[in-house]
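Some notes on the structure that comes next.
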Amino acid sequence: VCQYWTSRMFAENVVGTANALAGGLGGFGRGLSPLLMGSILKGFHDDQEQLDAWHYICVIPAVLAFSLGVLVYLISDDTPKGNCNDRKGDGTMPGVSVISTFRNAACNRNTWVLFFHFASSYGVEITMKNAAALVFRHKFSQTVEYAAAYASLVGIMQLTARCLGGHVSDRYFARSGVHGRLVVQVILLFCEGLLVFAFVWAKSLPISILVLVFLAFVVHAAEGSTFGIVPFVSPADTGSVMGIVGAGGNVGAVAYSFGFRQWDYRVAFYVMGCMVLISSITSAFIHIEGRSSLFDALQPQNKPEQRIDNEEPDTDEDTQAYTV
């Protein structure tokens, strides 16, 4: 829902950065919350009441989430032109069928290519948080604490790297349209696949940690660039497209994790690296109607920036709402 909202609210020339920033903040909060909750737990009760303390402090995020939901409902708009219900009532926004939009999204080839891409970025991120610790534990004989600390590097770079991936996608979009976004996507996924192999081939602990840092950076950047492309796939069905593509991350994580359970970790890394490299090649199959493809660069036209829902701005004031 959050990624769909940012796609509706921001112009196509900055939608990659907007989506990446929103997603990066979410990942950053996911990594920060255990630290904050643990700190609160430590000062909340003594060790004898620790179990009860966990129950009590879980009220804090619940209250914060509920309060934020109420705040968003009261002071925010669905689109720059107003709330969806109001616009449907005055006829400025057509009604849509949930089943119809999901069917359109599911029947679009681009949706499933990006599903594969997100499985090869976000899915790899989730898998690496455990798999990297496994490598440090077994290959370099590190303690559980140190192995977990080194593996945490995968999540620490979430905010900056994902934002940079979306921003670079926007910059190349300004130069050559969707073709530029696809070029960035290919480069990031290809580098990610190579770095997966480099990580498992690393012979020393310092080199392995250094490769992991670069791998984490590229993984998060690929997540940001992926959602720089998603809003262009089918503007009228963006919510459904984003839902399917987002699910690809979880599917990828489950599939790769299953590989690490069934095979030796080296084999599992080789399979994961090959799948990421293949995903970069599949960018060639993305072809968005009316937009440039990977092998068909079109020069961007000099016209006011628009959001991705194909609605033309009615006034100068509306145009400013779409542009950042």
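Largest first and in whole Å, the equivalent-ellipsoid semi-axes of segment 87-215 read 38, 18, 14, each the square root of five times a Cα gyration tensor eigenvalue.
Residue ranking by accessible heavy-atom surface, 1.4 Å probe, largest first, among Ser152, Ser121 comes out as Ser152, Ser121.
For segment 94-161, the Kirkwood radius over C-alpha pairs fed into Stokes-Einstein at 25 °C and 0.890 mPa s yields D = 166 µm² per second.
Calculate, in nm to one decimal, what Lys203 and Val70 gain on full extension: separation in residues at 0.36 nm each, minus their alpha carbon distance.
Numbers: separation 133, 0.36 × 133 = 47.88 nm, distance 5.26 nm.
Working it through step by step, the gained length comes to 42.6 nm.
Averaging the sequence gap over all C-alpha pairs within less than 8 Å and six or more residues apart, then dividing by the number of residues, gives segment 140-241 a relative contact order of 39 percent. Identify, among Val168, Phe140, Ala151, the residue whose Cα sits farthest towards the positive end of the charge dipole of segment 121-203, taking +1 on the Cβ of Lys and Arg and -1 on the Cβ of Asp and Glu, with the dipole about the Cα centre. Most positive-ward Cα: Val168. The mean sequence distance of close C-alpha pairs (under 8 Å, at least 6 residues apart), as a share of the length of segment 55-172, puts its relative contact order at 12 percent.
State whether segment 156-275 is rounded, prolate or oblate according to the following rule on the C-alpha gyration tensor (a ≥ b ≥ c being the square roots of its eigenvalues): a/c under 1.5 gives rounded; otherwise a/b larger than b/c gives prolate, and the remaining case gives oblate.
Oblate is the answer for segment 156-275, as a/c is 1.5 or above yet b/c matches or exceeds a/b.
Place a +1 charge on the Cβ of each Lys and Arg in segment 96-238 and a -1 charge on the Cβ of each Asp and Glu, then give the dipole magnitude about the Cα centre in debye, rounded to the nearest 20. It comes to approximately 180 debye.
Near Glu125: Cβ cut-off under 12 Å, other residues only, Lys/Arg at +1 and Asp/Glu at -1. The net charge is +1. Quotient of the Cα radius of gyration of segment 154-196 and 2.2 N^0.38 Å, N being its number of residues: 1.23.
The values are calculated or read from the model by the stated rules, or taken from the named source; none is laboratory data. This one's a predicted model, so the numbers in the text were calculated from it and none came from an experiment. Note that each Cβ is placed from the backbone with ideal geometry, even for glycine, and that neighbours are counted across all protein chains shown. Only protein heavy atoms, including side chains, enter the accessible area calculation; ligands, DNA and RNA are left aside. Shrake-Rupley method; radii C 1.70, N 1.55, O 1.52, S 1.80 Å.
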